[in-house]
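Here is the structure we will look at, set down as structure tokens.
Every number in this text was worked out from the coordinates using simple rules, so none of it is lab data. Nothing here was measured: the structure is a model prediction, and the numbers come from that model. Here the Cβ is made from the backbone with ideal geometry for all residues, glycine too, and neighbour counts use every protein chain on show.
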């Protein structure tokens, strides 16, 4: 019987005594894309930081079952958690400058995680980096350029390559298409869709773009004021929303 | 006695519109029916009677308020109204196909790949899947030069045919058809009719909404008439 890759159990988190995540429990299954939608300030990014091990909750557990053994992400030592984050997990940030080193070459950005995992053969690293630039549709001639001079869309694609190069099992994405123009968004979404299907990795995708959620995720959770107010199959939640907040979200999209 | 592939018992469905003062709209009231393997049931009724809602409830796209919908999935009964999202995903992968009037276009994905996807997802070899998809697109008279194009620029009829091909390419035991021939010409309606007949012969249980009398009269074995429920709810 298949087990969830990640089990989030009863998370509570507050900032300055103000609760930002309350009573949050859910599972992420191997190979699935789980969407998380909600307005700004609803606690989506905080939750993503908690379940990826970047931020400690006041209470609750985040159980990761990558290689058969169960680990509570927040009970691990700092070193072990870092290792897990560099090898089995990935994190694509909305702001590429948080997810990339803008001042080192694209190739070095991609190679970094491989080197952290012990790879040292320069020629091999370079080939792998070229290979990944190709997969994310960036011309190989840009390998030695710094992402500082990349466009927004290219930076996001480079971030994806940097994360996927170590074949992680679970990738967290925080508004990966935020701030990009629509045509660039569509390209990125389609690219993600293809890569995820091909690699069989699981993704937790935070977005406020319901069209992106519908296109990419099979299951969807809706967050409001720190709570998950509704969850289910993505098409069911969007076509037959039950909670008044989800109905408001869905009704706010123009229908053509 | 033949096995019922779809069994609907006394289901009701109401939409509560929280953003509009909590108005309650009844879509379905106390609907019961069964569909057996190898038969096609036509769902009839005036506009607003809940025909599409009923199909969507079976597919797990709409939730039901009460009653029971069970289907046979991999030899076992699955209660759609009580199933987890993952169970419904599994049932859609192996057991149920839903063909709507509209094609959800994915940017940059070619018509051929859209059609081949259900096969690939079910584990078929991609090359084999592409071959079957091509054959079906050809049968539905989609010109070969369009196969590699994303259907965003296709005509309504072309899109619908891509959608039909996607629904029929992997023959699943349950087919839900929401006006599959709405914008097709006569020749293509015939192709769809033949596809439905062939699916029945291979034992598929089909529930369909057909506005076209000719298609309905040829493919449907039985009809189920839905009446428009009272839109005013008691509460």
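Brief remarks follow.
- As a proxy for reagent exposure, A:239, A:139 were ordered by neighbouring Cβ count within 10 angstrom, fewest first; the result is A:139, A:239.
- Helix A:106-116 and the long axis of chain A differ in direction by around 80°, with both axes built from C-alpha atoms.
- In chain B, Cα pairs under 8 Å separated by at least six residues give a relative contact order of 30 percent.
- Cα-based helix-to-principal-axis angle, A:182-199 vs chain A, degrees rounded to 10: 80 degrees
- Note on chain B: the C-alpha convex hull projects to 13.8 nm² when averaged across all orientations.
- The ranking of B:230, A:209 by Cβ neighbour count inside 10 Å, starting from the fewest, reads B:230, A:209.
- Ranking of B:62, A:64 by neighbouring Cβ atoms within 10 Å, starting from the fewest: B:62, A:64.
- Helix B:186-201 vs. chain B, principal-axis angle (Cα, 0 to 90°, nearest 10): 70 degrees
- For region B:106-164, the percent of C-alpha pairs falling in each 10 Å distance bin, counted from 0 to the bin holding the largest distance, reads 26, 58, 16, 0.
- Looking at the protein assembly as shown, the DSSP beta bridges with both ends there are about 55 percent antiparallel.
- Kirkwood analysis of the protein assembly as shown, using all unique Cα-Cα pairs, places the hydrodynamic radius at 24.5 Å.
- Residue mean of other protein chain beta carbons inside 10 Å, B:86-94: 2
- Within 10 Å of each Cβ in A:212-225, the average number of Cβ atoms from other chains: 1
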